[in-house]
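Chemist: I have a structure I would like to understand better, so I am pasting it below and will then ask my questions one at a time.
Taken together, the values in this text are just the output of simple stated rules run on the coordinates, not laboratory data. Keep in mind that this is a model prediction, so the values were computed, not measured. Ideal geometry is used to build each Cβ from the backbone, glycine not excepted, and the neighbour counts take in all protein chains shown.
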Amino acid sequence: MRKEKASAINKVRQSRFPISLFAVFWGTLLLMSGIHMGLLILANKNQWSEVTQTIIPMVYWALVAADLTLYTRRLVKRNYEEPMQKLAQAMSKVAKGDFSVFVPPLHTMDKQDYLDVMIMDFNKMVEELGSIETLKTDFFSNVSHEIKTPLAVIHNNAELLNRKSITEERRLEYSEAILHATRRLANLITNMLKLNKLEKQVIKPVPRLYDVCAQLCECALQFEEMWDKKEIEFEADMEDRAMIRADEGLLDLVWTNLLSNAMKFTPAGGTITITQTSDDEKITVCVSDTGCGMEEAAMKRIFDKFYQGDTSHATEGNGLGLALVRRILELSDGTISVRSIPGEGSSFTVTLPVSLDYEGEVS
């Protein structure tokens, strides 16, 4: 890869004035000098007056100088001023917030020079800025929506609680709705803060050696009451022990989010399965469910912030869980993939590298 980059850099012309151009100037001046000598010989042969012999070479060289100056000016304008003016105009538009700007390169890829490279880098920068601006707009729009919804629930139920003639049953119902909305709002803010810190690497993984199988069992038991309530069959196929060197707290978030999603989308009487395998290089954990599944378009976006493919479950989450999972796995040198069939369920497979130097550290 480095050799290819170096080769590409070497192919870029480092000058906008090729050697052939200087050869043209040298040949032109040499030719003009020859014509000047011809004029002197012609003047002596025809015995022109001294005034004529003085004026004609002066006029001749004035014309030569004017032509060369105009030609040089044209070259400078075409090769420097016009491209730089276009670039300056594009920069001015970007500075005013227009990220749809595109400056076409001056040459094809096989003939590009350093100015072409600068223009292409500018276009790439504008494209990235446009993407960031779109993400920022979407982020604020999504955050506003996610915060507005629970606040509306809290406001409406608080107004209902202010009524004097409500039964105890209704009062408990309204209070539970307010508590649920506040929990959702608190969870949203907590996840936003965690994701922000992870993306800015304020939170950095602190690896330690531990048993990931024991961790998976503990995370699964947190949902025991939920799977009993929904009569979900929970299956686990794991090794007795699998040691990994990773940040236990961050991976706990990964397993909790995956199991929470599986529990949320699996209907009553369904099945959730955890499968764990390992070898000398990696540990693989698969969380599968028999829920509603996803279309191809949804699978491509499920790791985006605030994206919720199944809006019927929108009140049960905020669309940040899988974004957190992906970021944690990126920081842990892990990967996650998803396989899903609409109406049949989904499977999330996590692969994590195993530290090979743990032998002897665990009794």
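Chemist: What relative contact order, as a whole-number percentage, does the range 44-139 give when Cα pairs under 8 Å and 6 or more residues apart are counted?
Modeler: Relative contact order, the range 44-139: 19 percent.
Chemist: Packing-wise, with mean Cβ within 10 Å as the measure, how do 258-265, 224-231 rank, highest first?
Modeler: So the order, starting with the most tightly packed, is 258-265, 224-231.
Chemist: My understanding is that a pair violates if its Cα-Cα distance is over 26 Å; which of LYS86/LYS124; LYS96/LYS148; LYS148/LYS264; LYS164/LYS264; LYS264/LYS300 do that in this structure?
Modeler: As for pairs spanning more than 26 Å Cα to Cα, those are LYS96/LYS148; LYS164/LYS264.
Chemist: So for the range 208-314, averaging the separation of alpha carbon pairs under 8 Å that are six or more residues apart and normalising by length, what relative contact order in percent results?
Modeler: So the answer I get is 26 percent.
Chemist: LEU31 label point, 7 Å along Cα→Cβ, cut-off 17 Å on backbone N: hits in the range 69-83?
Modeler: Counting backbone N atoms under 17 Å from the label point, the list is 69-72.
Chemist: Just add up the charged neighbours of SER288: K/R +1, D/E -1, any other residue whose Cβ is under 11 Å from the Cβ of SER288. List each step's numbers first, then the result.
Modeler: Details: positive: ARG339; negative: GLU235, ASP237, ASP289, GLU344.
Net local charge, SER288 excluded: -3.
Chemist: How high is the FRET efficiency between ILE56 and ILE19 when r is their beta carbon distance and R₀ equals 30 Å, given to the nearest 0.05? Let's see the in-between values first.
Modeler: Working: r = 34 Å, r/R0 = 1.13.
With R0 = 30 Å, the Cβ-Cβ based efficiency is 0.30.
Chemist: Can you give me the long-range amide H partners of ILE232? Hydrogens built in the peptide plane at 1.01 Å from N, cutoff under 5 Å, separation of 5 or more residues or another chain.
Modeler: It is GLY269, by chain and number.
Chemist: Another question, if that's okay. Mind ranking 52-58, 152-158, 248-254 by how tightly packed they are, going by the mean number of other C-beta atoms within 10 angstrom, highest first?
Modeler: By packing density, highest mean first, the sequence is 248-254, 152-158, 52-58.
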